[in-house]
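Trainee: Okay, here's the structure, questions in a sec.
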Amino acid sequence: MVSKEEILEGLAKAVIDGDEVKSEELAKKSIELGIDPYEALMEGCNKGMAKVSDLYECKEMFVPEILLSADAMYAAIDVLKPHLKIDASAKKPAKVIIGVAQGDIHDIGKNLVKMMLEVAGFMLIDIGKDVPVDTFVNKVEEEDADLVAISSLMTTSMMYMEPVIKKLKEKNHKAKVIVGGAPITSDFSKKIGAAGYGKDAVEAVKVAKSLTGA
Amino acid sequence: MDKMSPQERFNAVLMGEKPDRVPINPFILGFAAKIVGIPLGDIYADGNKCFEAQFMCMRLYGYEATPMYGYASCGPWEFGGKVGFPYGEGHSAPYVIEHPVMDLGDIDELEVPDSDKPVGAYIESQKVCDRCVEMGMPAIFQGGSVFTAAAVVADTSKFLKWTKIEPKSAHTLLDKVSQMYMNQIEYFVNRYGPEKCVVFDGGPVEANTVISPKKFEEFAFPYMMKVHKKIRELDIPVTLMHPCADQNLNIPYYIKLRESFNWKGIYAWIFGPETPIKTQIEKFGSHDIIGGNVDPPSIQTKTYEEVVQLCKENLEQGMNSPRGFILSPGCEFPPLAEPIKPMAFLEASRQFGVYK
């Protein structure tokens, strides 16, 4: 008989190892054993992803491994999600619109930030890559988002971050904008009026948490 | 006052002699479009326009670098995929529309183009090289990086995952990509003669923000070695290396590459701004030319005076490198930088880069 602790530890390990088959199997097992799916998610998958995030920060894990960890995590989430009970009284998670700036099709960095923000408890709405300024603004209004995360890998596309910030300010929208990507610096983010800057996915999560109080 | 012509200055550095002042390779590609008033996409879609725009820029500013054709997403077009040209707002370089490899099964089906003709981007590259050679300038063409090309021939995320879970297939793809590069290099050498050729090798996907040095050792290094062995066999005198972005953890392998060929051939290095000039000189300076690494986004976002200052700092750190120094940005000159910005490089070299 497998214990609850073993299942949760196994789930975390499967996520760290990027073992999609194992994480799905253990997620199913957790349901069979009646483990609270929220606990399986938080103490299994998220614990594993938190470790992945630490290993990435100290350069012991890199993008190929993180992509596999993400696959493993999402495989488990797919199993657990239908069993999650919705607690109407619970505090609503902060809503984040995430996308790659206009003219830019490089989305691996954006996908990593998205995944880590999800793990940290944010509700993500991914609007993809090469996203026009107005699409960002319209989506923020439509979803009444709390935060906008824009990434850019090119010096040409980074110039489309500032117009999003300006337009949201003109509309007095509450959403705060965080930016990141290879050509972006803290100085540049301040210059364009961004509320925050993350030099990598791990820092993006820290900044998002501090801005939303999450 | 300049005492040498741009060509004399550049040749002096190549020959290991001291020029009058530090030469400049501003790594201008897309920026040239803005200067001559054509759409940026034309630089990549039409080799003749690419040559003319860069040649005009070279004449206008008086820097030393000669026209070249290349971009980071080289590979898919050559293997029958589709690329888009940067005509849209915010675009800066060709991008992949259709990867030739979407699944593992596609790798075995992938056919390596022969060396009897240019393929994909090399058709446009040949137009640039023809015009350069006609005017007594070198033919500069792309010979890597193999790892970055493989990562765009295939869907990038899938390829990166295959290096972990399907290493054999990843190696097969890398081998085919390296063969494509070697075939194209051979074609260009046959067309112009080795003495007129310069190979450009570089890419961003092997940066340590993406892969570990261990993965670089296993998946990038062997194929880089293979291509450079071919470059040495073909007796191509000059190789321009651009380990793009943060590749500090990969430096031991670049040293190993040079040691493996007893530091033969003239190699010039343009690392990203993440690699201090001091480190580059320590590791390569006794044998190879060090290029500068002025931060490209800063060229676009900072003032003219600030860019001059950044160039000055580069010059102070690099100009006495034993085998020579060329002032350069750490990657492509930003296409949207103000037209005055290349002048910051010239002014800095004339004020702070003069050899006594």
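Trainee: Looking at segment A:57-69, which of the residues that are more than 10 Å from every other protein chain (Cβ to nearest Cβ) and not in a loop (DSSP other than H, G, I, E, B) is farthest from the chain's Cα centre (by Cα)?
Mentor: The extreme case among them is A:Glu57.
Results for (1) under 20 Å from the mean Cα position of the chain (by Cα); (2) in contact (Cβ under 8 Å) with a residue 40 or more places away in the chain; (3) farther than 20 Å from B:Pro138 by Cβ, shown as yes or no for each residue.
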residue	(1), (2), (3)
B:Ser169	no, yes, yes
B:Val177	yes, yes, yes
B:Ile185	yes, yes, no
B:Val189	yes, yes, no
B:Gly203	yes, yes, yes
B:Ala207	yes, yes, yes
B:Glu217	no, no, yes
B:Val227	yes, yes, no
B:Gly265	yes, no, no
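Trainee: Would it be correct to say that A:Lys206 is among the basic types (Lys, Arg), under 17 Å from the mean Cα position of the chain (by Cα) and assigned by TED's automatic domain parsing to the domain that holds A:Lys110?
Mentor: Considered against the rule, which asks whether it is among the basic types (Lys, Arg), under 17 Å from the mean Cα position of the chain (by Cα) and assigned by TED's automatic domain parsing to the domain that holds A:Lys110, A:Lys206 comes out as yes.
Trainee: Applying the selection to segment A:172-212, what residues are more than 14 Å from chain B (Cβ to nearest Cβ) and of a type in the set (A, V, I, L, M)?
Mentor: A:Ala175, A:Val177, A:Ile178, A:Ala195, A:Val205, A:Val207, A:Ala208, A:Leu211
Trainee: Looking at (1) assigned to a helix (DSSP H, G or I); (2) buried (at least 24 other Cβ atoms within 10 Å of the Cβ); (3) not polar (S, T, N, Q), which one does B:Glu217 not meet, given that it meets all the others?
Mentor: That leaves (2) as the condition not met.
Trainee: What's the total number of residues in segment B:186-211 that are under 19 Å from B:Ser73 (Cα atoms) and more than 14 Å from chain A (Cβ to nearest Cβ)?
Mentor: So the count comes out to 4.
Trainee: Another one. Scan segment A:158-171 and tell me whether some residue there is in contact (Cβ under 8 Å) with a residue 12 or more places away in the chain, touching a Pro at 6+ places or on another chain (Cβ under 9 Å) and within 12 Å of another protein chain (Cβ to nearest Cβ).
Mentor: yes
Trainee: Identify, from the list B:Ser125, B:Ser73, B:Ser115, the residue that is more than 19 Å from the chain's Cα centre (by Cα) and either in a helix (DSSP H, G or I) or polar (S, T, N, Q) (or both).
Mentor: Going through B:Ser125, B:Ser73, B:Ser115 in turn, just one is more than 19 Å from the chain's Cα centre (by Cα) and either in a helix (DSSP H, G or I) or polar (S, T, N, Q) (or both): B:Ser115.
Trainee: Helices (runs of 4 or more DSSP H) wholly in segment B:241-356 with at least 1 residues that are crowded, with 20+ Cβ neighbours inside 10 Å and small (Gly, Ala, Ser) - which ones?
Mentor: B:296-301, B:304-318, B:341-352
Trainee: Within segment B:144-168, which residues are among the hydrophobic types (A, V, I, L, M, F, W, C) and within 11 Å of chain A (Cβ to nearest Cβ)?
Mentor: Correct list: B:Ala151, B:Val152, B:Phe159, B:Leu160, B:Trp162, B:Ile165.
The values are calculated or read from the model by the stated rules, or taken from the named source; none is laboratory data. Keep in mind the model is a prediction, meaning the values are calculated, not measured. FYI the Cβ positions are ideal-geometry reconstructions off the backbone, even for glycines, and counts take in every protein chain you see.
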